[in-house]
1. If I ask for residues that are touching a helix residue (DSSP H, G or I) at 6+ places or on another chain (Cβ under 7 Å) and over 17 Å from residue 95 (Cα atoms), which ones from region 22-40 would you list?
2. Residue 160 versus (1) over 23 Å from residue 3 (Cβ atoms); (2) surrounded by fewer than 21 Cβ atoms within 10 Å (Cβ to Cβ); (3) touching a helix residue (DSSP H, G or I) at 6+ places or on another chain (Cβ under 7 Å): which is the lone unmet condition?
3. Any residue in region 224-235 that is assigned to a loop (DSSP other than H, G, I, E, B), under 22 Å from the mean Cα position of the chain (by Cα), more than 30 Å from residue 165 (Cβ to Cβ) and free of Cβ contacts under 8 Å to residues at least 40 places away in the same chain?
4. Filter region 94-138 for residues that are on the phi > 0 side of the Ramachandran plot and touching a residue at least 40 places away in the same chain (Cβ under 8 Å) and give the result.
5. Being farther than 20 Å from residue 261 by Cβ and without any contact (Cβ under 8 Å) to a residue 12 or more places away in the chain is the filter here, so list the residues in region 185-219 that pass it.
6. Out of (1) assigned by TED's automatic domain parsing to the domain that holds residue 89; (2) part of a helix (DSSP H, G or I); (3) touching a helix residue (DSSP H, G or I) at 6+ places or on another chain (Cβ under 8 Å), the odd one out for residue 174 is which?
7. Which of the helices (runs of 4 or more DSSP H) contained wholly in region 86-151 include at least 3 residues that are over 17 Å from the mean Cα position of the chain (by Cα)?
8. Kindly evaluate residue 188 against the criterion of being part of a loop (DSSP other than H, G, I, E, B), surrounded by 15 or more Cβ atoms within 10 Å (Cβ to Cβ) and not assigned by TED's automatic domain parsing to the domain that holds residue 17.
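The values are calculated or read from the model by the stated rules, or taken from the named source; none is laboratory data. All values derive from a computational prediction rather than experimental measurement. As a convention, Cβ positions derive from the backbone with ideal geometry for all residues, glycine included, and neighbour counts pool all protein chains shown.
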């Protein structure tokens, strides 16, 4: 089984390469459309889904009412959710960073020269050069800004990747063949049962944190643990005006939650 993350920019034909590799390896491709479906399955509302995109807070044109921190947690939950299946190709969404500590994940960056990116957009989307250049500039800026905001990470840091592919050199078919060949080597680790369990628990943890952030009056006062799949422990200080049952019920309603244990300490009210 292969668990691969692919990071690429607009005009690099990374989506085409990822699709070809997924078909050749017979594994799922988790692109934007697939991840959005996974987000809905994990409990994310259609309203929240409109902001499931890689953009920094200042550029969240479609963020609507969802807070940036909650958005990030939901996105992370979706990535961990699909990674917990142990195989597939995850396209974008910071997966190379989120799965960096899992040895079974293989991280690939696909890049191309600015000139070839512009030429590809002009041909494939029938647009003028100036429009293509502006599209690339905006897309790259948004992606870099999001990674810096979400993970304090340099998107172009080579240490984040196990393989960097130059599409100009290999072409689409060559890149697809290379990914397939590497994925089939015995040196790549298969995701262990422990790794898969850890990813599933991380997905649930992020969903719970996002729900608490939306429900609690002061979400920073709470700490969440998922010691085993389906079991959630919430520790923290609860405001006198806050409903414990409302918070617990909101968490219990999340898909995958079987049991909620709490250790709440009432907030002390000071008489001045």
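1. Answer for region 22-40, where residues must be touching a helix residue (DSSP H, G or I) at 6+ places or on another chain (Cβ under 7 Å) and over 17 Å from residue 95 (Cα atoms): 24, 25, 40.
2. (1) is the only condition that residue 160 fails.
3. Yes, region 224-235 has at least one match.
4. Filtering region 94-138 down to residues on the phi > 0 side of the Ramachandran plot leaves 94, 126.
Listed by number, the list holds a single entry, 94.
5. Those that are farther than 20 Å from residue 261 by Cβ and without any contact (Cβ under 8 Å) to a residue 12 or more places away in the chain: 185, 186, 187, 193, 194.
6. (3)
7. Numbers: elements: 95-98, 114-124, 129-151.
Helices (runs of 4 or more DSSP H) meeting the threshold: 114-124, 129-151.
8. Yes, satisfied.
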